[in-house]
Structures are given as C-alpha cells and as structure tokens.
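The values are calculated or read from the model by the stated rules, or taken from the named source; none is laboratory data. Predicted model only: the values in this text are computed from it and were never measured. As a convention, Cβ positions derive from the backbone with ideal geometry for all residues, glycine included, and neighbour counts pool all protein chains shown. Ligands, DNA and RNA are excluded from the accessible area calculation, which covers all protein heavy atoms including side chains. Shrake-Rupley method; radii C 1.70, N 1.55, O 1.52, S 1.80 Å.
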Amino acid sequence: MSRWLIALLMLSGCTGSVSPSDAGVSSDAGIRDAGVSPGWGQGTEVGTVVNDVWTPGRDNDGRVNESSWALVPHGRWVSVSDTNLDVLGAQVQVAIPGWRDYGSQGWGGVTEAWNAPAFDLAGRRLWRHGGGHGDSSNNGIYRFDLDSMRWSIEHMPSDTHLWSQAYRQSATFAGCPESSAAYHAEVDAGTWAQRDHWYYDEIFWDRTASNPMGNPTARHVYDGFIYVPESDELIVACRRLWRYSLESHTWTIKTHPRANGDEYAFTEDVIAVLDHESKLVIGSCGSGGPFAADYDLRTDTWLAPRASWGSWDWTGAAYTQDGDIVTIFMPPHSSGNYASPGRWQRYDVATHSVLASGSTWNYEGGLSLASFPDTDHATDGHGMVYVPTEGVYWVYTKLNSGMAWLELDLKTTPATLRPKTFANAAPVLPSGIARRRAIYFPSLDAIVWMSPADQDVIVFRL
C-alpha cells in the first residue's frame, strides 16, 4: 500500500463493541487463572491424526488431553481441525441479531489486513483484533486457547445498528467521522485533553454509563497489539494507545502520544514491545517515522521520545523478541529506492541501543540478491520466528517466484540466508501480509501458525 494512499485512508472510518457480560461471550473462565495455563487434560479421549490433520481428544472441561497432544508428530506442519476463526460469526449473530461486517473481506479482514495477533506464552493463548480501512469493520477481540484448541469471543464487536448510514457506506473504518467532529469541537472549545477524550479512532455511539471509554475502531494493528502479563491486559498501540483489561472485559484507558494531538499519531508499520520494567516501547517504520516513544504502564505516562529503528528502509520488517532483545530483519531488495542485500539489528529495548547489526549476506541453496524483488514489488509484511533447537530464524517473505520460507542464520559471519524446506507442506503464505503469524511456545516446544480466518490453525512440534 503506498504512503499517500495510507495517509488518505487515515482520514475516515469507524466501528464499535458490546460488553461481553451483556452479549454471552464465551470465556472459559472456569479453567484458568489470569496468565496461567491450566495445562493439558488427563481424560481418556485421544482423538486422531490423519493426513496431517489433528482432531484433538478433550476431557470433560474442554481441555485437550495430554495423550492427544502426544499423537501430534514432530517435525511436521499439522492442521488442528475445526479451528477457523470465522465460526464465531454464529455467536455474534446470536448476541447482536443482524450484525454485519461492512468491510470487503469480512472475517478475513480481521486476520489478513496487516494485523498481528497478541500472545501470552505462559498462558498459552492468543488474541485477534484488527480489520480497518475498507477491509473489515469488525472491532471485536477474539481469543484462541491452545489448551482447548478453540476460539472464543473476548469482547463483542460493536452493534452496527447504531451506526450512521454515512459511516456504514464510508468503506473505510479506521477513523469515525462523528468522533473526529467531536474531537475538533473539543479542540476548538479548548477542552480537549491527551487522555480519555474524543479522537477519530473510536466508535462515536459506544460511550455509555457502563462503558465510559467506549471502544476503538477496527484498524490495521500491524505489530502494535500485545499482551502484558503483569497486568493481564491487551494493548493496541496504533493511532492512540488503548488498554484493555482481561479481568473486567473493558477498555480502560485511551491516550494520545502527544499532548496537543496529531491526526496521524502512530500510523502504519507500528512495532510495540515490552521491556523488563513493563515500559511499552513503540517504534514505527513508515510515513510518520522515524520516531519512537516509551509509555510507562505502571504510571500511565509518556516518556521522552527516543531514537527509533529506522524509516522507510525498514518498513514492514520482520522481528522477534527474547527478553529485552529484539531482533529485526529486513530481507533483501534487489533494486529500487531501498535496495539492500538485507539488513538486521539486535536491539535492546531497555537501553535503546543497537547491540549488533549487519547488512552483508551469504546466500545458499540457489538464492542470490537477484532472487528478491525490487522495492516496488516486495511485500511490506515480512515475518520470522526464532527456533531455539536449531539456533536459526525461520523467515517468511517474498521472492520473485512468490511468497517463500527462508532460514536466516546469524551465527555465521556474514549472516547466511537459505531456502527452508520441510518434511511436508508448509502453511501457504498470504501475499504480503505475513506479520508475526508464527509464534514459538516454549512450554509446548512448538510453533503455532495463525491461519486466515477461514482456515484451521496449524502447529509444528519441534
């Protein structure tokens, strides 16, 4: 998506949400404490694995049995049956009869529109929240529990019956015109404040006495959607920063990074990570960059701006985090404005310092710089996952021949990039929207692949 088009689309759009306590949300609250996995069940039902499709066996409380997980083979991509996200559509219709997604992609827009999931490694769960622009107006939050291998609704999407006809037909949902008008009215009156006031990125109709914060609009969250273990909450760090309590099932804080407001705030290609002191570190590689910000989650205060990871030459870069260390990687571009043999950094988010970096590559397995597209034809949604048993990164990106899996080895000097092969068919990569889909769960020693909404989740046991 071009920079001018993103900026243009930023100027309009909208969505909303219904409290889970009012809408029959499935929470599985009886089988877990906040941020703690209850572990596998100990029932007798084993399930089956046939043609790399796993049908889990579950115990009486819905958890997958340990004996069933033991059936899943190592070293193969295995689909988990009946785990497509769009099955939740029926539950939404029961809670909000006549609800509809006004975007062009429907449920697919929640997963495919430049949206990475948030994840809780200790609690073995993931969340989806996204949509935005014309792709999806769905601003709900949806949880996948690995212990049960099932989706549930964390927070209902907004009641679309309340929306204005103009908004429904706007075909762009990241910003709500009515909320934008309320924001400008406050600015003109001199009453607008940085925190908890009107802004264009919220649903105008959703503020109520029981829900004073209202709800954010659907948006491309990029890599700006994360889970915070210390407070058991979710954070969206795109447009404004929004905090969502998993205990109360409500949005609790909405705050702009600048005291005087800014129509663009954090825009495209946002990356949000935590340091060990629970400060949120936000970087952006895009039309608003280079910039970065720190937000102290303990005191709800913005800290002084710091140097960022880069600008357009890092846009859509892949990354992973281990403790305070973020490894960020931009695959090669054969030519164009940001031509490069590939570049990487290891970045300490606690000290805001680059620990190591490189930009010269060994290519193996038939790869060369010419294998990669120029900057006008490359994807802007690379992804990667670190595989500790191999000491390498699995990268999903785009070659001239199409989307592909590669292996990045930073143990060599210079670093090495080679094709990655598997014993069976790997997940099919979406064209250019591959952000943070592969997540390594240490307690499972497995990688979980978050598929599009109409496809099953896939697991890879190491």
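Numbers at a glance
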| quantity | calculated |
| --- | --- |
| Which numbered condition Ile447 fails, given (1) in contact with a Leu (Cβ under 9 Å, 6 or more places away or on another chain); (2) open to solvent by 10 Å² or more (accessible area, probe 1.4 Å); (3) not in a loop (DSSP other than H, G, I, E, B) | (2) |
| Breaking point among (1) touching a residue at least 60 places away in the same chain (Cβ under 8 Å); (2) part of a strand (DSSP E or B); (3) open to solvent by less than 10 Å² (accessible area, probe 1.4 Å), for Lys254 | (1) |
| Hits in the stretch 289-303 - residues which are outside any loop (DSSP other than H, G, I, E, B) and at pLDDT 85 or above | Asp294, Tyr295, Asp296, Thr301, Trp302 |
| Residue, least open to solvent (accessible area, probe 1.4 Å), within the stretch 403-412, restricted to residues that are over 23 Å from the mean Cα position of the chain (by Cα) and in contact (Cβ under 8 Å) with a residue 24 or more places away in the chain | Leu410 |
| Boolean, Ile271 is under 25 Å from Thr351 (Cα atoms) and part of a strand (DSSP E or B) | yes |
| Identity of the residue in the stretch 62-90, open to solvent by 70 Å² or more (accessible area, probe 1.4 Å) and in contact (Cβ under 8 Å) with a residue 40 or more places away in the chain, that ends up nearest to the chain's Cα centre (by Cα) | Val87 |
